[in-house]
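Working notes, beginning with the structure itself.
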Amino acid sequence: TDLRPLDILAEAVPPNGAESGISVTRVQGALGLQLSSPHAMSFPASRIFVRCDLFPEEFSIVVTLKAPPLPPKKNEYLFTVVAEGPDALLLGLRYSPTRLHFLPQPGLGGAWQTRVSFHSPPVARPARHRSVLFYTNGLHCRSPAAKPPPTVFRTADVPFPAALSVQGARFFIGSRRRTKGLFTGLVRQLVLLPGSDATPRLCPCRNAELVLSIPPILQGLTGKPEDNEVLKYPYETDMKVTLGSRPPCTKVEDAQFWFDAGQRGLYLCVGSEWVSVLAEAKERLDYVEEHQRLFTRSETLGIEVFVIPEAGLFIATANRKATSAIYKWTDGKFASYQSIRTHQAQSWRHFTIGKKIFLAVANFDPNEKGQEFSVIYKWSPRKLRFTPYQRVATHSARDWEAFEVAGEHFLAVANHREGDNHNIDSVIYKWNPRTRLFEANQTIATSGAYDWEFFTVGPYSFLVVANAFNGTSTKVHSHLYVWLVGSFRLFQSFLTFGAADWEVFHIGDRIFLAVANSHSYDVEMQVQNDSYVINSVIYELNVTAQTFVKFQEIPTCSALDWEFFSVGEDYFLVVANSFDGNTFSVNSIIYRWQGYEGFVAVHSLPTFGCRDWETFRTTAGSYLVYSSAKEPLSRVLKLRTG
């Protein structure tokens with residue numbers, strides 16, 4: 001044998017594992033072999049005992065394995081040497097949850113007739129483990145540690161037979177030539193080192209020759225198949241895959257995977273960056289189809305889509321009549337979930353403070369007693385329903401906006417009018433952690449306020465209001481405010497025409513603001529200037545000038561809402577066109593970002609009195625949903641991609 005390490009495992013690997021009951025499996029970063037047949041790996045002893053058919057009197061056996069979870073009294077074979085005959089076991093190594101058993105040849109006489117067992121707790125652990133069994137002046141079993149001396153679990157002062165012939169015998173890996181006792185764990189290394197104790201060669205001074213005595217198929221994949229050729233050995237791996245939003249990528253997460261369900265991407269943490277490991281199958285919007293007709297209690301003026309952890313995906317509809325509703329995504333469609341009494345509700349706003357989940361409704365009309373107020377509801381984890389939490393005095397409220405500045409939580413209400421007076425204050429409320437209520441923090445003069453939109457640019461916080469009517473004209477200025485020294489201060493004004501909505505969005509490093517202009521009207525020029533077909537405007541932030549400048553004008557028909565969304569690497573804007581001066585049956589348009597060209601119309605969607613758009617994703621794909629202010633029917637549309 002030339003006293004060289006004999007790689008028993010490499011000798012036993014058949015040329016085609018797929019046909020022989022062998023699969024390659026990766027566990028904790030290392031590859032191992034898993035067997036499904038007792039005859040999968042065997043070879044004649046004469047292949048390694050070329051010059052002498054006697055098994056060495058002094059030797060070491062090095063085995064690296066992943067132990068399977070076994071019942072306490074069950075045993076499985078790591079390897080055996082079997083002579084010809086019905087049950088002619090010459091020697092072998094057997095594994096149980098707490099011990100390694102070295103098996104002798106029956107009938108040799110003397111002390112060498114019974115098995116020798118070694119209590120080896122580390123082997124019982126499910127992690128990958130290396131053990132060294134060696135014979136020199138007695139039988140020993142060790143587990144090499146990172147530092148000397150290695151742990152000696154047991155010594156058996158029993159001499160090994162000096163003339164154990166293996167002529168005509170065969171090595172069987174993971175079995176005793178039969179199914180009973182077949183090893184169900186993983187084997188990575190099985191090396192016979194004649195003539196010495198292998199422990200010093202493993203630790204502390206690792207011997208490269210011995211350490212690398214691992215079959216080639218376990219040192220990596222078997223290579224890239226050519227054309228349509230399959231891998232020779234079935235390949236499996238265990239891996240930790242994180243789902244959800246982008247996790248941190250640090251040394252702790254190194255070599256772990258993250259699956260982005262929203263973008264359908266698989267990423268590997270390398271160093272400090274997530275690297276895509278899938279071929280870039282670019283998802284593109286192909287067409288839009290109707291997915292569900294959502295019949296509502298009455299016309300719907302606003303919708304809000306939100307997710308409650310461990311509860312699901314929901315949509316809240318703000319209905320014109322006395323009852324609004326919440327629907328839950330069930331079996332691929334929205335189903336009625338909860339009804340809430342409202343007073344010509346205009347919109348809903350979902351937000352959280354810590355673990356508390358809230359839903360605020362903007363009521364336009366007073367109640368039966370003539371009281372004007374909007375209501376904040378809180379999610380009850382026990383009842384799995386929203387319950388009233390706080391009433392807030394409002395005046396024909398159109399919209400709520402929830403946001404956070406410097407760790408403090410705020411709610412801004414858009415008060416549209418008080419009686420016939422449209423020039424009134426809208427209010428910003430601040431959450432009081434002590435009273436656990438929202439309290440008035442700042443008032444801002446508005447003119448027929450329709451919508452608030454909050455956003456940040458670097459360390460700066462902004463709040464923009466859509467002013468729709470000042471009592472005589474829709475041609476009014478809408479204002480952008482910046483947070484300075486504890487309150488919002490005027491930053492910039494925009495001339496708008498019946499502004500009903502602001503939408504902020506980012507494309508790369510560029511920041512845009514889109515306003516939905518609904519109506520050009522003036523009391524003094526009513527006949528000549530009563531126009532619903534009017535341009536809505538997209539502004540872009542000029543960082544150098546520190547101001548938003550006009551980027552693009554888009555013709556719209558009494559636009560009431562913009563919604564920005566993306567599909568793959570493409571960006572889109574959809575507008576809610578509601579009325580062209582003659583009919584509410586007008587098409588709402590999807591525009592695609594085309595760089596230098598700006599936004600270009602790509603899809604025309606038939607809508608009736610369209611009031612609001614929302615977008616959402618599920619595991620089944622991406623969707624748009626729109627509400628109608630002129631019929632009790634909202635529609636869920638699916639974005640088909642190619």
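No value in this document is a laboratory result; all are computed from the given coordinates. Predicted model only: the values in this text are computed from it and were never measured. Quick reminder, even Gly has a Cβ in these numbers, built from the backbone with ideal geometry, and neighbours come from all protein chains shown.
Cut-off is 10 Å between beta-carbons; in what order do ASP365, ASP254 appear when sorted fewest neighbours first?
Working: ASP365 15, ASP254 12.
In order of increasing Cβ crowding within 10 Å: ASP254, ASP365.
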Would you mind checking the pairs LYS383/LYS430; LYS73/LYS180; LYS369/LYS630; LYS251/LYS355; LYS321/LYS378 and listing those with alpha carbons more than 18 angstrom apart? LYS383/LYS430; LYS369/LYS630; LYS251/LYS355; LYS321/LYS378
In what sequence do LEU560, LEU9, LEU90, LEU70 fall when counting other Cβ within 10 Å, fewest first? LEU70, LEU90, LEU9, LEU560
Taking the Cα centre of each part, how many Å lie between the range 303-372 and the range 522-596? 27
Full-stretch length increase - ARG177, VAL533 - with 0.36 nm per residue and alpha-carbon distance subtracted: 119.6 nm
Under the rule a/c < 1.5 gives rounded, and otherwise a/b versus b/c splits prolate from oblate, where does the range 492-570 land using the Cα gyration tensor? oblate
Taking a ≥ b ≥ c as the square roots of the Cα gyration tensor eigenvalues, with a/c under 1.5 meaning rounded and otherwise prolate when a/b beats b/c or oblate if not, the range 286-402 comes out oblate
Distance in nm between GLU57 and THR544 label points, each 7 Å along Cα→Cβ, equals 9.1
What list do you get for VAL482, VAL241, VAL515 if you sort them by fewest beta carbons within 10 Å? VAL241, VAL482, VAL515
All other residues with a Cβ under 15 Å from the Cβ of VAL166 taken together, and with Lys, Arg as +1 and Asp, Glu as -1, what is their net charge? 0
Relative contact order, percent, the range 341-476 [alpha-carbon distance under 8 Å, six or more residues apart]: 16
Filtered trypsin sites (Lys or Arg not before Pro), the range 352-447: DSSP coil and at most 13 other beta carbons within 10 Å: LYS355, LYS369, ARG382, LYS383, ARG434, ARG436
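Give me the dipole magnitude in Debye, nearest 20, for the range 561-635 about the Cα centre, with unit charges on the beta carbon: positive for Lys and Arg, negative for Asp and Glu.
Here the size comes out at about 180 debye.
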Using the Cα centre of the range 518-642 as origin and beta-carbon charges of +1 (Lys, Arg) and -1 (Asp, Glu), tell me which of GLY595, VAL537, VAL549 is placed farthest towards the positive end of the dipole. GLY595
